[in-house]
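Chemist: Below you'll find the structure I mean.
Where a number appears in this text, it was derived from the coordinates with a stated rule and is not lab data. Keep in mind that this is a model prediction, so the values were computed, not measured. Note that we place each Cβ from the backbone using ideal geometry, even for glycine, and neighbour counts take in every protein chain shown.
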Amino acid sequence: MRDPQRVAVVCPREGPGDISGRLAEVLREALEGTEPVFLTTAEEAGNYFREAQNDFREAQTAGEHPAVHFHPVLFVIALGKTGVNLEYMRLLRLLREEQTLLDGYAGGVITDGESELYTKAVSRELVFAANQAGCAFIGRPLVEGTGTLSNFFVTAQILDTDEEIAYRRSAADLVQRLFAFCSEERKPKRKILVLHASIRRTSNTLAVWDKAEEYLRDDFEIRTLSLQNGTLYDCAGCPYHTCLHFGEQGSCFYGGIMAEEVYPAVREADALVMLCANYNDALAANLTAFINRLTALFRQVRFYDKALFAVVVSGYSGGDIVAEQLIAALNMNKSFWLPPRFAILETANNAGQAMTLPGIGERIRSFAENIRRTLTE
Ligand SMILES: Cc1cc2nc3c(=O)[nH]c(=O)nc-3n(C[C@H](O)[C@H](O)[C@H](O)COP(=O)(O)O)c2cc1C
């Protein structure tokens, strides 16, 4: 049985030597009181997690009850000036090759750069790859330090301190939230909210979900809302206090279906399933508008206990980009937690084609089973 204070710290390093500078300070404070196991190369990480998977299997065979629900893993990625860390690239390859390597783990991420760019792009790519390899992620799993730390400007003001201390405190808070999440007892949940902006008659995305829903509908309360054209304005970008004011009334500047139906449905839901056709390598405009306008509700409540799932269908390619957009927006920014393998990703163009893809029935069944397991175990 693994020590409950133990945390795997996956920290790919291109050369020898310890982590230095501000990231070393951030980690020292964040990991205080824990038992970190540092894994600094992809090879080390591969060996460690393969052995862990063997341990989990043996414990399961022996009927041992795990000390924690998930095991914590903290990814720490130093990106330097260029945003390229070659050992991180090896880690990415490992995660994409070994699709069960991180089963049983839940993660958080600290990404540190010397530029204002790349930290978010690399983080969402990493979270997608690790999630596909079985790793869950807590809501708001990312603490990023950009070159100037100007991304901490608002947090520093709120905490009445400077950006560097705000960075350290955010990382310490991340590790605490990660440990709390891993040992949390979960109760069975029943309410699933499904959002889409597609046309029922022709949509491959809806067809995939309809089949998944068949496996779930007897045991869960499933509510589906259509956010088709004309139903939703995008966020007006009101000043903070205006947004807060409308949010407190359970609304938003524009009101409409968002205030009347979507906010109450999101408040009630235990899981959100986003049905996303790939439109120009992005979410359709109405789904983006939904996420933007969720800000008013987010000012009132956090979504840490709500799971995010997705069906992503592309006509040609790029499903990973759409899945990463969901991760950045709803998991990293809006605090939904990410169950292992949160998304089913398919490629189909003509109406009806998705349901004729080889192996589609089994993939949909396993996606539905994943939702069931997440909500009931
Ligand atoms: C406006 C629009 C933009 C699209 N952009 C892309 C794209 O960038 N990449 C791609 O692979 N498919 C793209 N597609 C194709 C859809 O992703 C494809 O039809 C898929 O089956 C999902 O859509 P559906 O659920 O409406 O069937 C686009 C379709 C439309 C209508």
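Chemist: Along Cα→Cβ, 7 Å out, is where each label goes; now give me the distance between the ones at Glu25 and Asp281 in nm to one decimal.
Modeler: Simple spin-label model gives 3.8 nm for this pair.
Chemist: Still on this structure: Give, in nm to one decimal, the length gained when the segment between Arg50 and Arg190 is fully stretched (0.36 nm per residue of separation minus the Cα-Cα distance). Write out the running numbers ahead of the final one.
Modeler: On the way: separation 140, 0.36 × 140 = 50.40 nm, distance 3.36 nm.
So the extension gain works out to 47.0 nm.
Chemist: Still on this structure, please answer the following. Give, as a single signed number, the net charge of other residues whose beta carbon lies under 13 Å from the beta carbon of Ala259, with Lys and Arg counted +1 and Asp and Glu -1.
Modeler: Values: positive: Arg267, Arg293; negative: Glu248, Glu260, Glu261.
For residues surrounding Ala259, the net value is -1.
Chemist: With each pseudo-label sitting 7 Å past Cα toward Cβ, what's the Asp18-Leu225 distance in nm, one decimal?
Modeler: 5.1 nm
Chemist: Report the local net charge at Gly113: Lys and Arg +1, Asp and Glu -1, summed over other residues whose C-beta lies under 10 Å from its C-beta. Show your work: numbers first, answer last.
Modeler: Values: positive: Lys81, Lys120; negative: Asp112, Glu114, Glu116, Glu144.
Result for the local shell: -2.
Chemist: I need the trypsin sites (Lys or Arg not before Pro) found in the stretch 276-364, filtered to DSSP loop residues with at most 14 other beta carbons within 10 Å of theirs. Please report the intermediate quantities before stating the final value.
Modeler: Numbers: sites: Arg293, Arg299, Arg302, Lys306, Lys334, Arg341, Arg363; in loops: Arg299, Arg302, Lys306, Lys334, Arg341.
Those satisfying the criteria are Arg302.
Chemist: Mind checking the full-extension length gain between Phe153 and Glu125? Use 0.36 nm per residue of separation minus the Cα-Cα distance, one decimal, nm.
Modeler: Contour length minus the Cα-Cα distance gives 7.6 nm.
Chemist: So how much slack lies between Ile165 and Val84, counting 0.36 nm per residue of separation and subtracting their Cα-Cα distance, in nm? Before the final figure, lay out the partial values.
Modeler: Details: separation 81, 0.36 × 81 = 29.16 nm, distance 2.59 nm.
That pair, Ile165 and Val84, stretches by 26.6 nm at full extension.
Chemist: Run the numbers on the stretch 191-376 and let me know its relative contact order in percent, using alpha-carbon pairs under 8 Å that are six or more apart. Walk me through the intermediate numbers first.
Modeler: Details: 315 pairs, mean separation 50.8, N = 186.
Reported as a whole number, the value is 27 percent.
Chemist: Around Pro339, with a cut-off of 13 angstrom between Cβ atoms, what is the net charge of the other residues, counting Lys and Arg +1 and Asp and Glu -1? Write out the running numbers ahead of the final one.
Modeler: Values: positive: Arg186, Lys189, Lys306, Arg341, Arg372, Arg373; negative: Asp103, Asp270, Asp305, Glu369, Glu377.
Once all neighbours under 13 Å are counted, the net charge is +1.
Chemist: May I ask which residue of Leu294, Ala329, Asn131 lies farthest towards the positive end of the charge dipole of the chain, with charges of +1 (Lys, Arg) and -1 (Asp, Glu) on Cβ and the Cα centre as origin?
Modeler: Projecting each Cα onto the dipole axis, the largest value belongs to Leu294.
Chemist: State, to one decimal in nm, how far the label point of Tyr240 lies from the label point of Asp173, with both points 7 Å from Cα in the Cβ direction.
Modeler: Distance between label points: 1.3 nm.
Chemist: Over the stretch 182-231, calculate the relative contact order: mean separation of alpha carbon pairs under 8 Å at least 6 apart, over the residue count, as a percent. Write out the running numbers ahead of the final one.
Modeler: Details: 39 pairs, mean separation 27.2, N = 50.
After rounding, I find 54 percent.
Chemist: Hey, another quick one. Could you list Leu92, Leu195, Leu159 so that the one with the fewest beta carbons within 10 Å of its beta carbon is first and the one with the most is last? Spell out each step's value before the answer.
Modeler: Values: Leu92 19, Leu195 23, Leu159 13.
If I rank by nearby Cβ atoms, fewest first, I get Leu159, Leu92, Leu195.
Chemist: As a footprinting exposure proxy, order Met89, Met258 by other Cβ within 10 Å, with the fewest listed first. Before the final figure, lay out the partial values.
Modeler: Values: Met89 13, Met258 24.
Ordered from fewest to most neighbouring Cβ atoms within 10 Å, Met89, Met258 come out as Met89, Met258.
Chemist: Over the chain, what is the relative contact order in percent, taking alpha-carbon pairs closer than 8 angstrom and at least six residues apart?
Modeler: Numbers: 698 pairs, mean separation 63.8, N = 377.
That works out to 17 percent.
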